[in-house]
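Enquirer: Here you go, one structure.
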Amino acid sequence: MNLSRRRKLSSHVETSSMNDIMFFLMLFFLIVSTMVNPNVIKLLLPNARSGKAVMKETINISVDAAGQYFLDRQPVTSTDLESALSKRVAGLDQPTVVLRVDASLNVQKLVDILEIGNRLKVKMVMATQAQQSAGRG
């Protein structure tokens, strides 16, 4: 009579909880990846091959409260503004026009200048003044 039992060694690994862990990890990374940059605007930024910084030339157009136009501090009439600006930007690689329009003027003067810039294919930026907080005295 043989009373000894034969025992087999089993090398089985329980993987039933592995599915739950992988699911929670996937869910965590999906949620975190959407929360990291929710309002990102995708841009194709230029590459620089050299270490030199290239300064872009800016041109200033100012309109005072009386409705007088100035191109780089030189008075210009509203009818001559487009021709004077086209002469000024001729030969420049990427000119940028800074608009300085008085706050008391109506929007139409600003729109007229923006249309001139659009026709000349010039980048235009409007200059503003930082608002002072009410708590300061």
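The values are calculated or read from the model by the stated rules, or taken from the named source; none is laboratory data. This one's a predicted model, so the numbers in the text were calculated from it and none came from an experiment. Don't worry about glycine lacking a Cβ; one is built from the backbone with ideal geometry, like all the others, and counts go over all protein chains shown.
Enquirer: Restricted to the range 88-131, and to residues that are basic (Lys, Arg) and under 14 Å from ASN60 (Cα atoms), which residue is surrounded by the fewest Cβ atoms within 10 Å (Cβ to Cβ)?
Expert: The residue in question is LYS123.
Enquirer: When the residues of the range 31-67 are narrowed to those that are basic (Lys, Arg) and exposed (fewer than 10 other Cβ atoms within 10 Å of the Cβ), which ends up modelled with the lowest pLDDT?
Expert: Among those that are basic (Lys, Arg) and exposed (fewer than 10 other Cβ atoms within 10 Å of the Cβ), it is LYS52.
Enquirer: If SER4 satisfies every condition in (1) exposed (fewer than 10 other Cβ atoms within 10 Å of the Cβ); (2) modelled with pLDDT of 70 or more; (3) part of a loop (DSSP other than H, G, I, E, B); (4) among the small types (Gly, Ala, Ser) but one, which is the exception?
Expert: For SER4, the exception is condition (2).
Enquirer: Here's a follow-up. Kindly check whether there is at least one residue in the range 68-82 that is among the basic types (Lys, Arg), surrounded by fewer than 10 Cβ atoms within 10 Å (Cβ to Cβ) and more than 24 Å from the chain's Cα centre (by Cα).
Expert: yes
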